[in-house]
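**Q** Below is the structure I would like to discuss, written out as structure tokens.
The values are calculated or read from the model by the stated rules, or taken from the named source; none is laboratory data. Bear in mind the structure is a predicted one, so any value in this text is a computation, not a measurement. Virtual Cβ from ideal backbone geometry, glycine too; neighbours counted across all protein chains shown.
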Amino acid sequence: MKTPPKQTLCLALSGAFLWGSCATHRLPEYDERPENKPGLLVRAASPHYTIEDDKTFPVFKDPYQPAGLRGYPIGRGLYELYRGKDATYLTCSYRLPENWWFFGFYSGDMLIDRKTGDRYMMRKVEYYPTDTCFWISGKAGMNVRFVMEFPPLPKKVKKIDYFQAGGPSRYNFDGSPKRIENLRVKHLRPNMPAGRIIR
């Protein structure tokens, strides 16, 4: 297999709101869980995995591809929060800038209630490893989306911080932890106001 070129690790860092306030309509108590499907593993991680050697990263292709990109921008990604009864789902969507691009998610990520300080720890990233960088092989310009699962947020939680635990760094990636503060839950949720019915 041809060795993929080295690219900069695309992890969420910081950003500003893309969608405006949802105050003009009432959000449902719970959202439907986000659509998702597994990518196809075409090469497993090396037993000698190290962040310094991208040839040891696992490789996936055919990830879930959303029709469009929407959400709250953090770094290169767009994020949405789906509030479920049994879990909270945080999706992050990206447009691949190259045919090969690698990502990394870390198991220490958490959502923090701004009012109480309660920490909701990430349970998993659906279908993908954590604490390991992995390649997505596809076409440049393809939209991809990953789904992280957290414990359910109580309805009373209105504002959160998103803490990204980070991990080891390499020459083209800074793995320092990041904390994105004072996010309003209703602004992160995917529900948008319904348009008028015109007859």
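**Q** Any chance you could count how many residues in segment 1-50 are of a type in the set (F, W, Y) and at pLDDT 50 or above?
**A** Initially, segment 1-50 is screened for residues of a type in the set (F, W, Y), giving 17, 19, 30, 49.
Going one step further and asking which of them are at pLDDT 50 or above, we end up with 30, 49.
Number of matching residues: 2.
**Q** Also, quick follow-up: Does L81 satisfy being farther than 19 Å from F57 by Cα, of a type in the set (A, V, I, L, M, F, W, C), part of a loop (DSSP other than H, G, I, E, B) and in contact with a Ser or Thr (Cβ under 8 Å, 6 or more places away or on another chain)?
**A** Values: farther than 19 Å from F57 by Cα: yes; of a type in the set (A, V, I, L, M, F, W, C): yes; part of a loop (DSSP other than H, G, I, E, B): no; in contact with a Ser or Thr (Cβ under 8 Å, 6 or more places away or on another chain): yes.
Answer is no for this residue.
**Q** Further, regarding this structure: In segment 56-67, is there at least one residue being free of Cβ contacts under 8 Å to residues at least 24 places away in the same chain, closer than 18 Å to F102 by Cβ and not hydrophobic (A, V, I, L, M, F, W, C)?
**A** So the first thing to find is which residues in segment 56-67 are free of Cβ contacts under 8 Å to residues at least 24 places away in the same chain, and the list is 56.
Next, only the ones that are closer than 18 Å to F102 by Cβ stay: 56.
The next check asks that each one be not hydrophobic (A, V, I, L, M, F, W, C); those that pass are 56.
Among the residues of segment 56-67, at least one is free of Cβ contacts under 8 Å to residues at least 24 places away in the same chain, closer than 18 Å to F102 by Cβ and not hydrophobic (A, V, I, L, M, F, W, C), which makes the answer yes.
**Q** Here's a follow-up. Does D86 satisfy being within 17 Å of G167 (Cα to Cα), charged (D, E, K, R) and out of contact with any helix residue (DSSP H, G or I) (no Cβ under 6 Å at 6 or more places or on another chain)? Spell out the reasoning first.
**A** Working: within 17 Å of G167 (Cα to Cα): no; charged (D, E, K, R): yes; out of contact with any helix residue (DSSP H, G or I) (no Cβ under 6 Å at 6 or more places or on another chain): yes.
Spelling it out, it is not the case that D86 is within 17 Å of G167 (Cα to Cα), charged (D, E, K, R) and out of contact with any helix residue (DSSP H, G or I) (no Cβ under 6 Å at 6 or more places or on another chain).
**Q** For the structure I just gave you, tell me whether E149 is within 23 Å of F60 (Cα to Cα), in contact with a Lys or Arg (Cβ under 8 Å, 6 or more places away or on another chain) and in contact (Cβ under 8 Å) with a residue 60 or more places away in the chain. It would help to see each step written out before you state the result.
**A** Working: within 23 Å of F60 (Cα to Cα): yes; in contact with a Lys or Arg (Cβ under 8 Å, 6 or more places away or on another chain): yes; in contact (Cβ under 8 Å) with a residue 60 or more places away in the chain: yes.
So E149 fits the description; yes.
**Q** Looking at segment 126-141, can you tell me whether even one residue there is farther than 26 Å from T50 by Cα, touching a strand residue (DSSP E or B) at 6+ places or on another chain (Cβ under 9 Å) and in contact (Cβ under 8 Å) with a residue 12 or more places away in the chain? Talk me through it step by step, then tell me what you get.
**A** Keep residues of segment 126-141 that are farther than 26 Å from T50 by Cα, which gives 141.
Restricting the remaining residues to those that are touching a strand residue (DSSP E or B) at 6+ places or on another chain (Cβ under 9 Å) gives 141.
From what's left, in contact (Cβ under 8 Å) with a residue 12 or more places away in the chain: 141.
Within segment 126-141, one or more residues are farther than 26 Å from T50 by Cα, touching a strand residue (DSSP E or B) at 6+ places or on another chain (Cβ under 9 Å) and in contact (Cβ under 8 Å) with a residue 12 or more places away in the chain.
**Q** List pairs: first residue in segment 41-52 and surrounded by 15 or more Cβ atoms within 10 Å (Cβ to Cβ), second residue outside any loop (DSSP other than H, G, I, E, B) anywhere in the structure, Cβ distance under 6 angstrom, at least six positions apart or on different chains.
**A** L41/F60; R43/V59; Y49/T56; I51/R170
**Q** Still on this structure: Can you find even one residue in segment 178-186 that is at pLDDT below 95 and closer than 24 Å to P66 by Cα?
**A** The answer is yes, given that some residue of segment 178-186 is at pLDDT below 95 and closer than 24 Å to P66 by Cα.
**Q** Return the only residue of P97, P63, P73 being under 26 Å from S169 (Cβ atoms) and assigned to a strand (DSSP E or B).
**A** On the way: P97 fails: assigned to a strand (DSSP E or B); P63 fails: assigned to a strand (DSSP E or B).
Result of the check over P97, P63, P73: P73.
**Q** Might you check whether a residue that is out of contact with any Gly (no Cβ under 9 Å at 6 or more places or on another chain), closer than 29 Å to L27 by Cα and of a type in the set (D, E) occurs anywhere in segment 117-136?
**A** yes
**Q** From the list S107, S93, pick out the single residue that is small (G, A, S), surrounded by fewer than 17 Cβ atoms within 10 Å (Cβ to Cβ) and within 14 Å of the chain's Cα centre (by Cα). Before you say what the answer is, go through the steps one by one.
**A** On the way: S93 fails: surrounded by fewer than 17 Cβ atoms within 10 Å (Cβ to Cβ).
Going through S107, S93 in turn, the sole match is S107.
**Q** In the set G75, G68, which member is touching a Leu at 6+ places or on another chain (Cβ under 6 Å), within 19 Å of G141 (Cα to Cα) and among the small types (G, A, S)?
**A** Working: G68 fails: touching a Leu at 6+ places or on another chain (Cβ under 6 Å).
So the residue among G75, G68 that is touching a Leu at 6+ places or on another chain (Cβ under 6 Å), within 19 Å of G141 (Cα to Cα) and among the small types (G, A, S) is G75.
**Q** Oh, and also: Taking segment 137-167 as the region of interest, how many residues are among the hydrophobic types (A, V, I, L, M, F, W, C), assigned to a strand (DSSP E or B) and within 14 Å of the chain's Cα centre (by Cα)? Spell out how you get there, then give the answer.
**A** Start the filter on segment 137-167 by keeping residues that are among the hydrophobic types (A, V, I, L, M, F, W, C), which leaves 140, 142, 144, 146-148, 150, 153, 157, 160, 163, 165.
Narrowing further to those that are assigned to a strand (DSSP E or B): 144, 146-148, 150, 160, 163.
Filter again for within 14 Å of the chain's Cα centre (by Cα), leaving 144, 146-148, 150, 163.
Of the residues in that region, 6 qualify.
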